[in-house]
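Engineer: I'd like to ask some things about the structure below.
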Amino acid sequence: MARVSGRWVRQMNRATDEFRDRVMESAKQLVTDTAELIYSHAVLNAPTATIDGGNLKNSIEIDYQNGGLTAVISVGADYAIYVEYGTGIYAEEGGGRQTPWVYYDTKLNRWVMTRGMRAQPFWNPAIDEGMRYFASQM
């Protein structure tokens with residue numbers, strides 16, 4: 001088997017290293033752009049309740065990992081799933097409680113009767129937008 005060496009090998013190694021670096025930077029930029037798009041759409045579409053001062057919006061965060069090749073976008077508010085899919089008779093796919101209920105709201109300082117809350121999707125539409133963008137850039 002023939003062995004190749006010399007100037008041509010050094011040039012080829014340099015060219016492949018530069019190509020690899022450009023591809024990695026492009027991939028990192030695409031991950032960043034997609035994550036920022038998902039984040040901004042989620043924050044924009046998340047409802048702001050007067051009573052909690054925007055806790056849901058403020059709980060959305062991005063964590064970049066793996067040298068920027070991975071982005072984890074999370075929603076820290078524990079009630080986010082109920083906002084996304086609704087509750088009670090309004091729950092998507094009919095999975096909620098079908099009878100009214102009463103609870104004491106410490107923020108309102110009174111008893112509240114409810115049949116549930118309509119879904120206010122903010123997360124899935126943001127993910128869908130991010131998936132479309134990512135696919136369009138590939």
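Engineer: Taking the Cα centre as origin and putting +1 on Lys and Arg beta-carbons and -1 on Asp and Glu beta-carbons, what dipole magnitude results for the chain, to the nearest 20 debye? Before the final figure, lay out each step's value.
Structural biologist: Working: 14 positive and 16 negative charges, 79 e Å.
Here the size comes out at about 380 debye.
Engineer: Further, regarding this structure: Just to check, using Stokes-Einstein with a Kirkwood Rh over alpha carbon pairs, what's the diffusion coefficient of the range 33-109 at 25 °C and 0.890 mPa s in µm²/s?
Structural biologist: Values: Rh = 14.7 Å.
For the chosen part, D equals 167 µm²/s.
Engineer: Once the principal axes of the Cα atoms of the chain are found, what is the range along each, listed largest first in whole angstroms?
Structural biologist: Sorted largest first, the three principal extents are 84, 29, 23 Å.
Engineer: When the dipole is taken about the Cα centre of the range 49-130, and only Lys, Arg (+1) and Asp, Glu (-1) are charged at their Cβ, what size is it in debye, to the nearest 20? The partial results should precede the final answer.
Structural biologist: Values: 6 positive and 10 negative charges, 101 e Å.
Charge dipole of the range 49-130: 480 debye, to the nearest 20.
Engineer: How many Å² of accessible area per residue for the chain, probe 1.4 Å?
Structural biologist: Details: 9840 Å² over 138 residues.
Accessible surface, normalised per residue, equals 71 Å².
Engineer: Additional query: Output the relative contact order of the chain, whole-number percent, from Cα pairs under 8 angstrom with separation of 6+ residues. Don't skip to the answer; put the middle values down first.
Structural biologist: Numbers: 172 pairs, mean separation 32.3, N = 138.
Averaging sequence separation for qualifying contacts and normalising by length gives 23 percent for the chain.
Engineer: State the extension gain, in nm to one decimal, for the chain segment bounded by T99 and Q11, taking 0.36 nm per residue of separation less the distance between their alpha-carbons. Show your work: numbers first, answer last.
Structural biologist: Working: separation 88, 0.36 × 88 = 31.68 nm, distance 7.38 nm.
Using 0.36 nm per residue and subtracting the Cα-Cα distance, I get 24.3 nm.
Engineer: For the chain, what is the mean residue ellipticity at 222 nm derived from helices alone (per DSSP H run of n ≥ 4: -39500 (n - 2.57); sum divided by total residues; nearest 500 deg cm²/dmol)? Display every interim value, and only then the final one.
Structural biologist: On the way: 4 runs with 64 residues, N = 138.
Taking each H run of at least 4 residues, the total per residue is -15500 deg cm²/dmol.
Engineer: Can I ask one more? Taking the Cα centre of the chain as the origin and placing charges on Cβ (Lys, Arg +1; Asp, Glu -1), which of T87, A119, N66 is farthest toward the positive end of the dipole?
Structural biologist: So the residue furthest toward the plus end is N66.
Engineer: I'd like the carbon and sulfur percentage of the solvent accessible area for the chain, probe radius 1.4 Å, heavy atoms only, ligands and nucleic acids excluded. Mind dumping the intermediate values first?
Structural biologist: Numbers: 5290 of 9840 Å².
Carbon plus sulfur share of accessible area: 54 percent.
Engineer: Here's another thing I want to ask about it. Could you tell me the distance between the Cα centroids of the range 63-105 and the range 116-138, to the nearest Å?
Structural biologist: Result: 14 Å between the Cα centres.
The values are calculated or read from the model by the stated rules, or taken from the named source; none is laboratory data. Computed from a predicted structure; not experimentally measured. Cβ coordinates were reconstructed from backbone atoms using ideal geometry, including for glycine residues, and neighbour counts include every protein chain displayed. Accessible surface is based on the protein model in full, side chains and every heavy atom, while ligands, DNA and RNA are left aside. Shrake-Rupley method; radii C 1.70, N 1.55, O 1.52, S 1.80 Å.
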